[in-house]
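Written out below as structure tokens is the structure these notes cover.
Derivation of every value follows stated rules applied to the coordinates shown; laboratory data play no part. Fair warning: this is a prediction, and the values are worked out from it, not measured in the lab. Cβ coordinates were reconstructed from backbone atoms using ideal geometry, including for glycine residues, and neighbour counts include every protein chain displayed.
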Amino acid sequence: MVRRRQRRARGAKRSWRVLLQWLVPLLLVLLTTRISLAQWDFTHAGDPKRNWGASATETVGYDDNFNGTEKNPQAGARISSDVRLRANVPLERFFVGMQYDYGVVYPQDIKFGGVDETHNLNLSANCTISPRLALNLTESFINSLQPELVQDVAGAPVTVLQAGTYIYDTVGVGLIYSVAPRWNVSVNGSWDIWEYQSSLIASNGNHQDYSATLSALYLLDTRTTVGLNYQYGQDVFVDAGPNNGLNAVSHTLYLSVVRRFNPRLSLSLNGGYTVRDSQDGTQSTSPSAYGSLVYNFGPASAITLTLAQSLNEATLGVNRQFSAQQNTSFVVQISHRLTTRLRAIGDITYVYGSFTQPLGATATTTGPIPVGGFGNPTPVGPPPGSTVSPNDQALTGHLGLNYAFRDWVSAVLDYSYTDLVSSDVLLIQPYTRNQINAGISLTY
């Protein structure tokens, strides 16, 4: 227990050093740039036009499985506190934005108490160098308990497992140049870092991901843009497994279309193919697709449908047996203002993941596996003379209500549901989780 606390303390100190490295320069920018003081006036609480703001939320709720396990789940009441800060610096050709979110949940363990802490820092900067050339930078830092779902580069959800405290940091840079009135060329790159605070998990899961995307975009008309895109990706693990099988290079070639039908309806489509080569000589291929349809049916109401398929590195807990994971996901998100004071937000996410590129002879499943239905599958055997790779299915849902008594104070009510089904419980433990929270949010 003492060693575990020491590791957590070292991880927390490291995370705060990273935060201070970014917050101090940003504070200097806020204090030294020549900005009109009116942008930082203390206007009335809840003013959305102000370039800075702060909010605090306190909730009490019930969680029937906050350790995310099938056997011996911990259930009980939990208290959560959240503080969010934001600041924007708009200049003539330069913009910097920052948002910091700190959350605490108690208890961490039903018997021993403790708290779960989350630090989330997002930075963005845009610079118009010339009428033809623009540059953007992004930084996202998270220090938290491993979530059930994260977002990959394409915006499609990828299932991961609860695996203790982790640090995730991603840096992105993009450059777009207008070659001609209808032609644009862009280059985008990203660098992701995953670090787990448990030494056992860190030895299997610590890794870095690199990607670079080159795009040629053509404006068909004022509402339609088509593009040809190539993306290079690389995964580098601290412990790459047998024959460095976890280290891999991927190549994706895809077409993209963005169409705005009218001010309310827009569509984004990507379609292509991915080839992933591991250093142990194995290869996986998969179609790559992403589609997003957005419809704004009111001044503060919108619905978004997303369908995606991607090929990534295998999730934590599976990457000792498999190198790659093919994910198919479907997401529905709705935001609707029911009245002038009452707002509702809901989303449903379904992800089907199958694991490929086994790292050893024991990585395939030869016995009966559950297929044919979510939540109540029917065990069947593999085809004669072949093996079947394991898979998992994740279903998550969320519904939130916000009632504003005033611009600066509101009541919040949230319900979340998670159901994870696995064809091989030795690789991934299935579980079901229900969470409900109610509280008060203050905004300035």
- request: Using the number of other C-beta atoms within 10 angstrom as an exposure proxy, rank H336, H119, H207 with the fewest first.
  value: H336, H119, H207
- request: Can you work out the PRE-style zone for Y295? Point 7 Å along Cα to Cβ, and I want the residues of region 307-342 with backbone N under 19 Å.
  value: 307-308, 330-338
- line: Simple SL model, points at 7 angstrom along Cα→Cβ for I110 and L442; separation in nm is 3.3 nm
message: Could you list V179, V318, V409 so that the one with the fewest beta carbons within 10 Å of its beta carbon is first and the one with the most is last?
response: V179, V409, V318
field: Residues T340 and S199, FRET efficiency given R0 of 51 Å [Cβ-Cβ distance, rounded to 0.05]
entry: 0.45
statement: Per the charge dipole of region 220-334 (beta-carbon charges, Lys/Arg positive, Asp/Glu negative, Cα centre), the residue among L253, V332, L220 reaching farthest to the positive end is L220
field: Approximate spin-label separation Q99-L305, in nm, with each point projected 7 Å along Cα-to-Cβ
entry: 2.6 nm
- line: What one gets for region 169-257 as the Kirkwood radius, inverse of mean 1/r over different Cα pairs in Å, is 15.2 Å
message: Quick one: 3J(HN,Hα) in Hz for region 293-306, Karplus 6.51/-1.76/1.60 with θ = phi - 60°, rounded, Gly and Pro as x.
response: 10, 10, 10, 9, 9, x, x, 10, 9, 7, 10, 10, 10, 10
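Taking the Cβ of each residue in E195, E70, E139, E92 as the centre, tally the other Cβ atoms inside 10 Å and list the residues starting with the fewest.
E92, E70, E139, E195
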